[in-house]
Amino acid sequence: MEILSSLDDLAKVVRELKRANKSIGVVPTMGALHEGHLSLVRQSLVQSDETIVTIFVNPSQFAPSEDLDRYPQSLEADIAGLQSAGVQYVFAPSREEVYPENYSTSVVPPLVARRWEGEFRPTHFAGVATVVLKLLNMTRADRVFLGQKDFQQARVIEQMVADLNVATEVCICPIVRADDGLALSSRNVYLSSEQRTIALSLNQTLDHVERQIQAGQRDGFEVITEMRQMLIDAGVERIDYATVAHPKTLETADPIELPVVALIAAYVGETRLIDNRLLE
């Protein structure tokens, strides 16, 4: 395994791979890797000649009030896990390497970023879109592998790549869940055992939505009302949003016409969790 920290070293590796006509798959992460990340890595290893995993906690996607300073980091464990998975290249740059002195350019995210996360975290997607575009350019990625758990983020990147004619295929991979149904997240480490029980209500609510829609429910307002009430009854303290939306535009689906995506963002204690269910 080669652990690369500078753009010069990364560029040298990328040139060699391109010269050898090898396809490059990229898995962008912020570290604190879990089985969800590793599922993306395995998919990249299958579909690409070589895989580059990036580990970079991107400061530009955090608002001043968010958890940048306490975001979990475990670089040594991450590298060990990636090595066991068969990854050849890890790119783990410093902030100064990604955002050098006098850096001032930012990507304006597409319209699909406007609702939901865009309303509650208004600077978030500009930071995400900017760093992902930089990473795709740095690695000259043929494919980028993203998780469905961050559904809106994946749509933002998918639309940005299309709008800006980026020569990278966006591959969105299924949500990975723990045995109890909780969507895997680096932030799950913040949950106490009691809070984890409450957090299970997100997936349970999505199960309920799926059953309702499969049974013929088409009243979006009624579904959304039930979603919020189920979360409140389970002990969720704060709900940013719980909705059903069109999976391409992410506008509210009322009346419901398949396909739809049910989206939840809620706080359990001080921990913000997201989950979703795509219904086709």
Go through the residues of the stretch 165-187 one by one and say whether even a single one is of a type outside the set (Asp, Glu), in a helix (DSSP H, G or I) and in contact (Cβ under 8 Å) with a residue 40 or more places away in the chain.
-> yes
Residue hits (the stretch 122-137; touching a helix residue (DSSP H, G or I) at 6+ places or on another chain (Cβ under 8 Å), over 19 Å from residue 10 (Cα atoms) and of a type outside the set (Val, Ile, Thr)) are 124, 125, 126, 127, 129
For residue 76, are the conditions met, namely being surrounded by fewer than 19 Cβ atoms within 10 Å (Cβ to Cβ) and under 15 Å from the mean Cα position of the chain (by Cα)?
-> no
Within the stretch 228-280, the residues that are out of contact with any Gly (no Cβ under 9 Å at 6 or more places or on another chain) and hydroxyl-bearing (Ser, Thr, Tyr) are 241, 249, 267, 271
Matching residues in the stretch 84-110 - criterion: being free of Cβ contacts under 8 Å to residues at least 60 places away in the same chain and among the hydrophobic types (A, V, I, L, M, F, W, C) = 85, 98, 107, 108
The listed residue being over 23 Å from residue 64 (Cβ atoms) and within 14 Å of the chain's Cα centre (by Cα), out of 156, 131, 166, 176 | 176
Which one is nearest to residue 172 (Cα to Cα) among residues in the stretch 237-255 that are touching a Leu at 6+ places or on another chain (Cβ under 9 Å) and surrounded by fewer than 22 Cβ atoms within 10 Å (Cβ to Cβ)?
-> 247
Within the stretch 146-171, can you find the residues that are of a type outside the set (Lys, Arg), over 20 Å from residue 32 (Cα atoms) and either surrounded by 18 or more Cβ atoms within 10 Å (Cβ to Cβ) or touching a helix residue (DSSP H, G or I) at 6+ places or on another chain (Cβ under 8 Å) (or both)?
-> 152, 156, 157, 158, 159, 160, 161, 164, 166, 168, 170, 171
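Bear in mind that the values in this text are calculations on the coordinates, not laboratory data. Here the structure is a predicted model, which is why all the values come from computation and not from measurement. For neighbour counting, all protein chains shown are included, and Cβ atoms are generated from backbone atoms with ideal geometry for every residue, glycine included.
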